[in-house]
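Presented below is the structure to which this report refers.
Any read-out appearing in this document is the output of simple, stated calculations on the displayed coordinates, not a laboratory observation. Source: prediction; values computed, not measured. Note: ideal-geometry Cβ built from the backbone for every residue, glycine included; neighbour counts use all protein chains shown.
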Amino acid sequence: MPGILRIAYKLLVNDRAKFAALLVGITFAVFLMIEMTSLFSGILSRSSATVINIGASIWVMDPAIQTVANTIPLPDYVLDEVRSIPGVKYAVPLYSGSALLKLRDGTYQAASILGLDDTSLFGRPTLLAGNIEDIFAENGFIAVKDSEFYKLESPQIGTEFELNDHRGVIVGIAEVASSGLFGVPTLYTTYNRALQYIPNTRFTMSYLLVEPKTPADVASIKAQVAKAGYLALTKDEFIKKIADFYKYQTGIGTNMLLMTVISFVIGLSISGQTFYTFILENIDKFGALKAIGAKGRELVSMILFQATFVALTGYGIGVGLCATLIWLARLYLPDYAAIITYTNLGLAFAMVTVIAAISSYVGVRKVLTIEPFDIFRG
Amino acid sequence: MAAIAIEAVGLKKWFGEGEARTDAVKDANFEAYFGEMLYVVGPSGSGKTTMLSMISGILRPNGGTVKIEGSEIWDLSNDALADFRLHKIGFVFQDYHLFPRLTTAENVAIPLILQNRKWDEALKEAALNLDIVGLKSRTELPPVKLSGGEQQRVAIARAIVSRPDILILDEPTASLDGDTGRSIVGFVREHILTDKRCIVIVTHDSRIYEYADRILKMEDGKLTGIERENLDAQ
């Protein structure tokens, strides 16, 4: 490390009170920013759990649908119409709904029910126990072992329950990529059994799951479906549509953004003010350095180094603290919906960079304007 | 006669413009020689510090020239001027301006570090210079743990560590009691002043006049005369 930066480092860390205050400011801001954005990422990810878990390339739906949970059933003829579109390799129906289960101990538990196409079982989950063909057995349901699994009294294969006076039997335990947002357990069954067990409106298909022959066919399929008055979205488009709904149509996005901005402002206030005080307290020393022969760029490099060092250290501690908290929270709250993504980390890093830049800008301005003559004048 | 270290010709400096203009230094002319301890004395506000700043390359004059060892310093660019100060001039500030968060040795090593010398090498050199000023045992202490006189010695060690030709001391006894002040200036006279070094001291402390080779008097921005001259007696 160049000597001038070593001096800068010692000036910074040897002033323990200021250094601690700077670190606390940055760490606190990073912690809050990552916690808020991770929570939002977790919510967004879980809001699209069904889309992610089923994994279909194209989803056909009513244009009024905003999230995967609020289904608007499609008429049966839409299935035939979609299947007749050139470029469609296959199209299958999906039932998505909810039901109230009566468990063995007599309590009731709401559950999300997914009915897979009887012929293909397209979108079936990965089984941890049991055989997939048992889903065709009488009253067969597959329970998803996610964070809500315990709400079904952690069933085993053979565990029974009641659903609208129908007997249901767990024939398999499965795992999925993403847990749902609404805190209810998920059961898979066949499409026809879902229709049979759960009261429905005149139309029954929640979604049509479509696989194109080639990726080039996606655009024409979407256009043909639109002509029929319905909406076809790729998996990524559907996930984005759901995310946009939560971001812009609910208060969640605004509140998270507000909290993130507040965290940024708090971090900036604490760090900026402390760093400015630190510079002010040392301004005569910087002036003395200038008089002795330090060049302006050397003093600037000292300040930038100090700001960068504090920012990176605070960022590291903040990320570590947040990761630890989320890990601990998940140990005790299995459905805690926070995910630290690279985007969250990048966003927090960008904001910390802005904090460091603004703090050091104020310091640099002050140091560059100090005249060594002022040191002589006292 | 010794060689000229500093030559100031027609130095002028004013602050403000128009009716607010204040003339701090008015047409100052003087020379300082190697091997000489030159005092600039005068009451507060007489322009001593302003003149000191101009001859040390810190404050640009409005008129006149300053030659150090025959070269005009105010023709240099800002970076060249900073380099010039770093290599040619040692400063002892009135309030010392030592870094409280650095050790004594690190404080002394600063000019060498600014000259891009290696850290360990600079600290070793600093320790040698602290030995010269009698503070060898204080190298690892922070300056705040030292007395006022010791801090002044640390500042002197910092000023001489890069072996400058010219040493500038601004009110070196202002924060010290009479005995300590005299012992410090006596020490500088005895151990720091050499034939190849010129020392300029700005002071209004008459108790240390006895150590001066020459004393220039300043009043209202003008050099009004030479109070004492014993350069030839050296």
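Odds and ends about this structure:
- Sorting B:51, A:302, A:1, A:259 from the fewest to the most surrounding beta carbons within 10 angstrom yields A:1, A:259, A:302, B:51.
- Between helix A:296-332 and chain A there is an angle of about 30 degrees, using the helix long axis and the longest principal axis of the Cα atoms.
- Available extension along the chain between residue A:157 and residue A:98 is 19.1 nm, counting 0.36 nm per residue and deducting the alpha carbon span.
- With neighbour counts taken as other beta-carbon atoms within 10 Å, the residues A:280, B:86 rank, fewest first, as A:280, B:86.
- Sequence-distant residues sharing a close amide H with residue A:68 (under 5 Å, placed H): none
- Restricting region B:1-61 to trypsin sites (Lys or Arg not before Pro) in coil, as DSSP defines it, with at most 13 other Cβ within 10 Å: B:21
- For chain A, relative contact order (Cα pairs under 8 Å, six or more residues apart, normalised by length) works out to 30 percent.
- In degrees, nearest ten, helix B:104-114 long axis to first principal axis of chain B (Cα): 60 degrees
- Listed by chain and number, the lysines whose C-alpha is less than 30 Å from the C-alpha of residue B:48, apart from same-chain residues fewer than 8 away, are A:285, A:290, A:295, A:366, B:12, B:13, B:26, B:67, B:88, B:196, B:217, B:222.
- The long axis of helix B:119-132 is offset from the longest Cα principal axis of chain B by roughly 80 degrees.
- Were the residues from residue A:89 through residue A:358 laid out at 0.36 nm apart, the gain over their Cα-Cα distance would be 91.2 nm.
- The charge dipole of chain B, taken about the Cα centre with unit charges on the Cβ atoms of Lys, Arg (+1) and Asp, Glu (-1), comes to about 420 debye, rounded to the nearest 20.
- Taking B:38, B:176, B:193 as the candidate residues, the one with maximal mean-square fluctuation in a Gaussian network model of chain B, Cα springs under 10 Å, is B:176.
- Distance between the 7 Å Cα→Cβ label points at residue A:257 and residue A:107: 4.0 nm.
- Ordering A:356, B:105, B:18 by the projection of their Cα atoms onto the charge dipole of the protein assembly as shown, which places +1 on the Cβ of Lys and Arg and -1 on the Cβ of Asp and Glu, puts B:18 at the extreme positive end.
- For region A:75-229, with +1 on Lys and Arg beta carbons and -1 on Asp and Glu, the positive-most of A:186, A:136, A:163 along the dipole: A:186
- Our summary of shape: the Cα atoms of the protein assembly as shown have principal axis extents of 122, 50, 40 Å, ordered from largest down, in whole angstrom.
- The charge dipole of the protein assembly as shown, taken about its Cα centre with unit charges on the Cβ of Lys, Arg, Asp and Glu (plus for the first two, minus for the last two), comes to roughly 140 debye.
- For region A:68-127 versus region A:21-41, the gap between their alpha-carbon centres in whole angstrom: 40 Å
- Rounded to 5, the percent of DSSP beta bridges in region A:75-229 classed as antiparallel: 70 percent
- Each Lys or Arg adds one and each Asp or Glu takes one away; over the other residues whose Cβ falls under 12 Å from the Cβ of residue A:289, this sums to +3.
- The Cβ shell under 12 Å around residue A:190 holds other residues with a net charge of -3, Lys and Arg each +1, Asp and Glu each -1.
- Measuring between their Cα centroids, region A:248-278 and region A:137-206 lie 43 Å from each other.
- For chain A, excluding the exposed loop sites themselves (trypsin sites (Lys or Arg not before Pro), DSSP loop, at most 15 other Cβ atoms within 10 Å), the longest remaining stretch covers A:214-378.
- The spacing between region B:1-69 and region B:101-176, judged by their C-alpha centroids, is 27 Å.
- Relative to the Cα centre, the charge distribution of region A:75-229, modelled as +1 at Lys and Arg Cβ and -1 at Asp and Glu Cβ, gives a dipole magnitude of about 420 debye.
- q = 0.10, 0.17, 0.20 Å⁻¹: log10 I(q)/I(0) that the Debye formula gives for region A:75-229, counting C-alpha atoms only: -0.39, -0.96, -1.20
- Cβ-based charge dipole, the protein assembly as shown, positive-most Cα from A:152, A:264, B:198: B:198
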